[in-house]
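Chemist: Below you will find the structure I want to go over with you.
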Amino acid sequence: MNTQLTRIATLAIALALTGCIPGQKMSAKGPSTIVDSGQELTVTPITADLVAAKRQPVTLPAELTAFQPTSYEVAPGDTLIITVWDHPELTTPAGSQQQAITNGRQVQSDGTLFYPYAGKFKVGGLTVEQVRHTLETRLARYLKDPQVDVNVVGFGGRVSLQGAFTNTAPQDTTTVPQTLAQVIGRAGVDVQNADLSGLILTRDGRNYNIDLDAVNRDGAAQDIYLKPGDRVFLPYNDRKEVYVVGEARDPQAIPFKTTDLSLTQALGRAGGLNPETSRGSAVYVIRGMDDKGNPAAVFNLDATSPAAFAVASRFSLKAGDVVWIGPAGITRWNRYVTQLLPFSGLIRNAASAGSDL
């Protein structure tokens, strides 16, 4: 009985000293390989050579940057104010005391408009000048040398906004072409919760991914003109986190709203390594399999040298990465000893009971 209990205690102490993790073991191929549940993972050191690759410049989709709006074209739902000089009965049929839009003429869903003496005719897709010329031609049949003025006072086409904006109300299009930057500026960005790298512009059924952070950081920002019916979606960053665990001063999940987050930034936000309990050479980045099928990977930073943080500042983390800081040997020993103390008492009691039998 005493021999069996002694073996159990010896095995527990041996596991404590080796710091083995259940389900994992170091491969015989060397310390750069870990076998976890039968899957072999290579541990890649984070070195200057690894982070030396130059960041590729960000470019915007050519279809968006090439679009240059022409003169405003009247669209279904627009409201037009038509002024026929010296003919107030045509210009303000609701009375001059009413608001301008009350006397307006709305373009129907099929793009047509009715106007007295001019009849019903198609204006959708025409410029304001073309609408004015068409009205003058039609009214000339009944009026001598009619002088017509046309203005758009209500717009049927809108740009819709969704997501992490402070104001998601649809924005009317205007006769003056408006850019994506202008629309975002008016809507306002929820800077604490927005994912600036994940903006999506939907146009004519196609989604365009725009990394606002990278575009502005790399100086590649260009005017992107919007069209009526465009949809702008700015996602929240609640699903974009890295996790710092282990022997950090303040282990936590860290959301980030930009293109990437460096390892140095993540360690800094977690308060850095705990100087009393951490092992500087055991800073690992664990990256799972991504949506593109790239295999899981493990990276190791030896943070015992101050120069290591210069390298870490160039190592970009991805959403879902786990930064694990291993404990120092004395920390593992103290923790396992603390856990074994109740167990050792149990051993003594059981041994005493066995000797009494």
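Chemist: I need the phi-derived Karplus couplings for the stretch 245-253: 6.51 cos²θ - 1.76 cosθ + 1.60, θ = phi - 60°, integer Hz, Gly and Pro marked x.
Modeler: Residue by residue, the stretch 245-253 yields 10, x, 8, 9, 5, 9, x, 6, 8 Hz.
Chemist: Of 120, 257, 318, which has the most accessible area with a 1.4 Å probe, and how do the rest follow in descending order? Each step should come with its number before you reach the end.
Modeler: Numbers: 120 135, 257 70, 318 110 Å².
The most accessible residue leads, giving 120, 318, 257.
Chemist: Right, next: For a quick check: with amide H placed at 1.01 Å from N, whose amide H comes under 5 Å from residue 248's, ignoring anything fewer than 5 positions away on the same chain?
Modeler: 274
Chemist: Please list, in order along the stretch 199-205, the HN-Hα scalar couplings obtained from phi with the Karplus expression 6.51 cos²θ - 1.76 cosθ + 1.60 (θ = phi - 60°), rounded to whole Hz, x for Gly and Pro.
Modeler: 4, 10, 9, 9, 9, 6, x
Chemist: Tell me the accessible surface of residue 315 in square angstrom (1.4 angstrom probe, heavy atoms of protein chains only), to the nearest ten.
Modeler: Residue 315 exposes around 20 Å² with every protein chain in place.
Chemist: Hey, another quick one. Assuming R0 = 56 Å, can you tell me the calculated FRET efficiency for the pair residue 92 and residue 192, based on Cβ-Cβ distance, to the nearest 0.05? Mind dumping the intermediate values first?
Modeler: Details: r = 50 Å, r/R0 = 0.89.
For residue 92 and residue 192, the calculated efficiency is 0.65.
Chemist: A follow-up question, please. Measure off 7 Å from each Cα along the Cα-to-Cβ vector at residue 307 and residue 112, then give the distance between these two points in nanometres to one decimal.
Modeler: 8.0
Chemist: Could you give me the ³J(HN,Hα) list for the stretch 62-68, computed from phi with Karplus coefficients 6.51, -1.76, 1.60 and θ = phi - 60°, whole Hz, x at Gly and Pro?
Modeler: These are the phi-based 3J(HN,Hα) values: 4, 4, 7, 6, 7, 6, 10 Hz.
Chemist: What residues have an amide H closer than 5 Å to that of residue 241, excluding those fewer than 5 places away on the same chain, when H is modeled at 1.01 Å from N in the peptide plane?
Modeler: 320
Chemist: Let me ask something else. Using 0.36 nm per residue, how much length does the chain from residue 47 to residue 319 gain when fully extended, once their Cα-Cα distance is taken away? Working shown, then result.
Modeler: Numbers: separation 272, 0.36 × 272 = 97.92 nm, distance 2.12 nm.
Once the chain is fully extended between residue 47 and residue 319, it gains 95.8 nm.
Chemist: Heavy atoms only, 1.4 Å probe, whole protein assembly: order 87, 133 by accessible area, highest first.
Modeler: Values: 87 50, 133 110 Å².
In descending accessible area the options line up as 133, 87.
Chemist: Taking the full set of protein chains and a 1.4 angstrom probe, give the accessible area of residue 109 in square angstrom, rounded to the nearest 10.
Modeler: 110
Chemist: Of 208, 115, 142, which has the most accessible area with a 1.4 Å probe, and how do the rest follow in descending order? Before the final figure, lay out the partial values.
Modeler: Numbers: 208 25, 115 0, 142 135 Å².
Ranking 208, 115, 142 by accessible area, largest first, yields 142, 208, 115.
Chemist: Distance in nm between label sites at residue 162 and residue 176, each 7 Å beyond Cα in the beta-carbon direction?
Modeler: For residue 162 paired with residue 176, the spin-label model returns 3.0 nm.
Chemist: List every residue whose amide H lies under 5 Å from the amide H of residue 43, counting only residues 5 or more places away in sequence or on a different chain, with H placed 1.01 Å from N in the peptide plane.
Modeler: For residue 43, whose amide H was placed from the backbone, the distant partners under 5 Å are 33, 34.
The values are calculated or read from the model by the stated rules, or taken from the named source; none is laboratory data. Computed from a predicted model, the values in this text were never measured in an experiment. Ideal geometry is used to build each Cβ from the backbone, glycine not excepted, and the neighbour counts take in all protein chains shown. Surface areas here come from the heavy atoms of the whole protein model, side chains and all, with no ligands, DNA or RNA. Shrake-Rupley method; radii C 1.70, N 1.55, O 1.52, S 1.80 Å.
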